1. Binning at 10 angstrom from zero up to the longest distance, how are the C-alpha pair distances of the chain distributed in percent?
2. What residues qualify as long-range amide H neighbours of V300, i.e. H under 5 Å apart, gap of 5 or more or another chain, H built at 1.01 Å from N?
3. Could you give the nm distance between label points at A260 and A342, where each point is 7 Å from its Cα heading toward the beta carbon?
4. Can you classify segment 258-367 as rounded, prolate or oblate using the Cα gyration tensor, where a ≥ b ≥ c are the square roots of its eigenvalues, rounded means a/c under 1.5, and otherwise it's prolate if a/b beats b/c and oblate if not?
5. Can you give the direction-averaged projected area of the convex hull of the alpha-carbon atoms in segment 134-241, in nm²?
6. Share of segment 251-334's accessible area from carbon and sulfur, percent, 1.4 Å?
7. Determine the gain in length on full extension of the stretch K141-E176; use 0.36 nm per residue of separation and subtract their C-alpha separation, reporting nm with one decimal.
8. When the label point is put 7 Å from the Cα of E361 along its Cα-to-beta-carbon vector, which residues of segment 266-308 have a backbone N closer than 11 Å?
Amino acid sequence: MRSPRPSLAPLTSMAAIGCLFLLTACGGGGFTDESRAQQSEGGQVTVRMLVNISPNLTQAYWDGLVKPFEQANPGIDVKIEAPTGKGVADTLPQQLAAGNAPDVVETLMADETLAKQMLDLTDQPWAGNTPLAEQAKLGGKIYSVGVGVQAQSLVFYNKSAFDKAGIGRPPTTFDEFDAAMGKLKDAGYLPLQTGGDFLTGLQLLQLSNPSRAQLHPAWQQDVKAGKLKAGESLLPYLERYRTWIDKGYVDKNALGMKYADAETAFLSGKSAMYVMGSWFTASEAKAQKDFEVGVFPAPVDKGQSHPGPQGATLAAPYMILKSTPNKDAALKLVQWLVTDPAAVKSQLKQDGNFRTGVEREFTPLEKQVQEILDGAPSGVPQGEGYGDATLPKGFNAAWNTEVQGLYVGKSPKEAAEGVDRWLAGRS
């Protein structure tokens, strides 16, 4: 596997990875014999892990992933728990309020509120060598550790549709992007696939990352400090998106379509482009289709450098609840999930993610994503962000609500003001 650019994911040196893998192979995992003995004397320990469930990350996948860990650690039973709310972000607060929190939580990253509930992993020698560990630090401390890196600002496209529409090369600017959508519509395709749920707002954030990062390199920090208004700074993208709705470049009834159904619609050839993160490559590899899928980096504003900074987030982040009664077992599980060679490769492959120094077999589409990562000048957090570049929890949902408002008559200016009001109420 070719490594992503260090600026995107200064994950580990080859020596560090070798050390991590040696620790795992030896089975010590950084725990003393005394800790293991105490765990054994206590009988079977159950570690509850709340995880994200998606078309790629099914309950069956998670159960299979942790089975080798359970076999190697017969005193530990890992109980995989699916969200009971809309997702992990909804479920964890409910569980905390009910006094029924899991031992380990996957998907979320620590912010100033969550960090108070999470175990500080800074003193764990393996934690600092995990992907984006430095960038994800909060107040100089490590609370979240992950498996790899997700590229965010990607546009997947139907190559047959582009050929039929006479589009010789992928667009690099938003003006070219608009022109391409016009040609695709004339050729009989829905130019851009979107949907409801969280998808609507996510895609616009992903598209805006490379341009926004060139205008405001420290966007989250500046918004948080009151130097910049988030909605106002993203207003040009809201205005452009509204024209896409008006021109039929996106389905005006898209809000009624679930995330999984939108993915299926694109893979069935009904639409020409689909904005999504690198995890989509896993779904594409499994799909039966009669056209080839390509991918290009999100376009930028006129006069900006292309490719721009690539949106990058931590893939499969894990945190351990401070309240866990099974600290040693939870630590051992999380260390295994993010350092064991087989576990890491499985998670990277399953959800289409990347990690420096870890070789795995790439699909043709994943190779293209790797090239985009290699060509990106840097990586930037999007939306709520992570580490010290973090906006108040719930920003992504608030943004999504405002973007969806464009479908039901809200003006771009009203949507931008709605975002800024939401943030002002949480400053």
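The values are calculated or read from the model by the stated rules, or taken from the named source; none is laboratory data. For clarity, every value in this text was computed on a predicted model and none was experimentally measured. Methodologically, a virtual Cβ is constructed for each residue, glycine included, from the backbone with ideal geometry; neighbour enumeration extends over all protein chains shown. The protein model used for the area step is the full one, side chains on, heavy atoms only, and it has no ligands, DNA or RNA in it. Shrake-Rupley method; radii C 1.70, N 1.55, O 1.52, S 1.80 Å.
1. The calculated distribution, bin by bin, is 4, 22, 32, 25, 12, 4, 1, 0.
2. Counting only residues 5 or more places away or on other chains, the set is T173, F174.
3. Result: 2.8 nm between the two label points.
4. Prolate.
5. So the Cα hull casts an average projection of 9.3 nm².
6. Ligands and nucleic acids excluded, carbon and sulfur reach 48 percent.
7. Stretched fully, the K141-E176 segment lengthens by 8.3 nm.
8. In segment 266-308, the label zone of E361 (backbone N under 11 Å from the point 7 Å along Cα→Cβ) covers no residue.
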